[in-house]
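Here is the structure we will look at, set down as structure tokens.
Taken together, the values in this text are just the output of simple stated rules run on the coordinates, not laboratory data. Note that the coordinates shown come from a computational prediction; the quantities given were computed from them, not determined experimentally. For neighbour counting, all protein chains shown are included, and Cβ atoms are generated from backbone atoms with ideal geometry for every residue, glycine included.
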Amino acid sequence: MKFCEKVKEARTKAGLKQDELAKAIGVSLRTISNYEAGTRYPKKRETYYKMAEVLKVDVNYLLTDDE
């Protein structure tokens, strides 16, 4: 599963809307949309950690892409 798919799946399981996740990790709604569209990845490792915490997933889950 790719990063974009993992973010969307984890966000939906957590019952969060894109704007709620964006606010929780300190990025814009457009940034979350880009993550889920697969056009962007977080630039800072810290963002992965915040996202993993909010989505209640292991950070390594987000950091690795598996096919």
Report summary line: Per the filter on the range 14-24, residues in contact (Cβ under 8 Å) with a residue 12 or more places away in the chain and either closer than 16 Å to Leu63 by Cβ or in a helix (DSSP H, G or I) (or both) are Gln18, Asp19, Leu21, Ala24
Query - Filter result (in contact (Cβ under 8 Å) with a residue 40 or more places away in the chain, over 19 Å from Met1 (Cα atoms) and either charged (D, E, K, R) or assigned to a loop (DSSP other than H, G, I, E, B) (or both)) within the range 25-67 - result: none
Report summary line: Counted residues in the range 11-67 being touching a Lys or Arg at 6+ places or on another chain (Cβ under 6 Å) and among the acidic types (Asp, Glu) come to 2
